[in-house]
1. Which residues, counting only those in region 62-75, are within 21 Å of Thr111 (Cα to Cα) and either buried (at least 20 other Cβ atoms within 10 Å of the Cβ) or touching a residue at least 60 places away in the same chain (Cβ under 8 Å) (or both)?
2. Mind checking which residues of region 92-108 are surrounded by 15 or more Cβ atoms within 10 Å (Cβ to Cβ), over 8 Å from the mean Cα position of the chain (by Cα) and not β-branched (Val, Ile, Thr)?
3. Give me a count of the residues in region 55-70 that are more than 17 Å from the chain's Cα centre (by Cα) and among the polar types (S, T, N, Q).
4. Could you list all residues from region 64-98 that are of a type in the set (A, V, I, L, M, F, W, C) and more than 15 Å from Ala113 (Cα to Cα)?
5. Run Val84 past the list (1) surrounded by fewer than 16 Cβ atoms within 10 Å (Cβ to Cβ); (2) modelled with pLDDT of 95 or more and report the number of the one that doesn't hold.
Amino acid sequence: MAKIAKFIVLGAALLAAPYTCAIAPVGALAQAVENNLQQRASYSALFIAQWVYNCTTQIAPRFGANGLPQQLALQYAAQECSCVIDKFMNEFTQTEVINMTMEDRSAFGDTFARQCLGVQDQQS
């Protein structure tokens, strides 16, 4: 199951947000942080439902192939997908996810899946 990350293809893109050394007033900084959090929390229910469905139907057969009954395979897949999707939602807005390349989605999906499964990256 440690290889599950290879089967999760979810949306994500590298953020190339420019950072500056300009000093912002504390109130403005707090407002910017609040706005960022609100954007990240504003995913549409339909977008999330489709994302969980697509992910679950993609990886559930892998669990089934390992001997899990279909219902358990679907539940386990939905649980794993939801963890990865939560991580995307904590890092990116819905618009950022939609605009990601497949390569970025795959890379972030792999990283987040490893985190969800507690798998450590192997050092070469």
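1. Result: Phe63, single match.
2. If the condition is that a residue be surrounded by 15 or more Cβ atoms within 10 Å (Cβ to Cβ), over 8 Å from the mean Cα position of the chain (by Cα) and not β-branched (Val, Ile, Thr), then Phe92, Gln94, Glu96, Met100, Asp104, Arg105, Ser106, Ala107 are the ones that fit.
3. Qualifying residue count, region 55-70: 2.
4. Matches in region 64-98: Ala65, Leu68, Leu72, Ala73, Leu74, Phe92, Val97, Ile98.
5. (1)
The values are calculated or read from the model by the stated rules, or taken from the named source; none is laboratory data. None of the values given here were measured: they were computed from a predicted structure. Quick reminder, even Gly has a Cβ in these numbers, built from the backbone with ideal geometry, and neighbours come from all protein chains shown.
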